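First up is the structure itself, then whatever we jot down about it.
Quick note: the coordinates plus some simple rules give every number you see, no bench work behind them. These numbers come from a predicted model, not from an experiment. Heads up, the Cβs are rebuilt from the backbone with ideal geometry, glycines too, and the neighbour counts pull from every protein chain shown.
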Amino acid sequence: MPDLLPQPARDEIDLSTVFSTLSDPLRRTAIAILATLPDGVERNCVSFGFPVAKASLTHHFKILREAGLISQIDYGNRRASSLRREDIDARFPGLLAMLVKELEQDGGAEKAVTSAGKR
């Protein structure tokens, strides 16, 4: 049976934590990509195609979940992530739109994914 991993409640999502989390280009790109997808779409971290090791991806997505930006469901042999759009929009109106705009200005998802793993 799938298990929802621990995440902060909506009112516990902190702006400082969100900004700190989004300061990393890979995490910012992941959230922007999720924001372009229909509500409820799940993706596993490898499906984004970031040029980093799987252990690094797992760490980045854990940080996103702990910040309250995504939900993760453990299916046993994989984890799927989905954007907490309603919670983010309620706490920080306009944030997702800004991230999507940045993604588009930077040349779209494919280009952002390639450059996000480089520091």
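Using only the Cα atoms of segment 1-68, build the gyration tensor, take square roots of its eigenvalues as a ≥ b ≥ c, and label the shape rounded, prolate or oblate: rounded if a/c is under 1.5, else prolate if a/b is larger than b/c, else oblate. It is rounded, given that a/c, with a ≥ b ≥ c, falls under 1.5.
Remark: spin-label model distance Arg10-Ser82 equals 1.6 nm, labels positioned 7 Å along the Cα→Cβ axis. From the residues Leu64, Val113, Ile31, which one has its Cα farthest along the dipole of the chain in the positive direction, the dipole being from +1 and -1 charges on Cβ of Lys/Arg and Asp/Glu about the Cα centre? In the chain, that residue is Val113.
Can you name the helices of the chain, as whole DSSP H runs, whose Cα span along the helix axis is 18 Å or more and whose Kyte-Doolittle mean is not below -1.0? Helices meeting the criterion: 54-67. Within straight cross-link reach of Lys111, meaning Cα distance under 22 Å, which lysines are found once same-chain residues fewer than 8 apart are removed? Lys111 reaches Lys54, Lys101. Each peptide in 92-99, 44-51 receives the mean, over its residues, of other Cβ atoms within 10 Å, and ordering these scores from highest gives 44-51, 92-99. Per-residue Karplus couplings for segment 77-91, computed as 6.51 cos²θ - 1.76 cosθ + 1.60 with θ equal to phi - 60°, are listed in order as 9, 6, 10, 10, 10, 9, 6, 8, 3, 4, 5, 5, 5, 5, 7 Hz, Gly and Pro entered as x.
Charges were assigned to the Cβ only: +1 to each Lys and Arg, -1 to each Asp and Glu. The resulting dipole of the chain about its Cα centre is roughly 460 debye.
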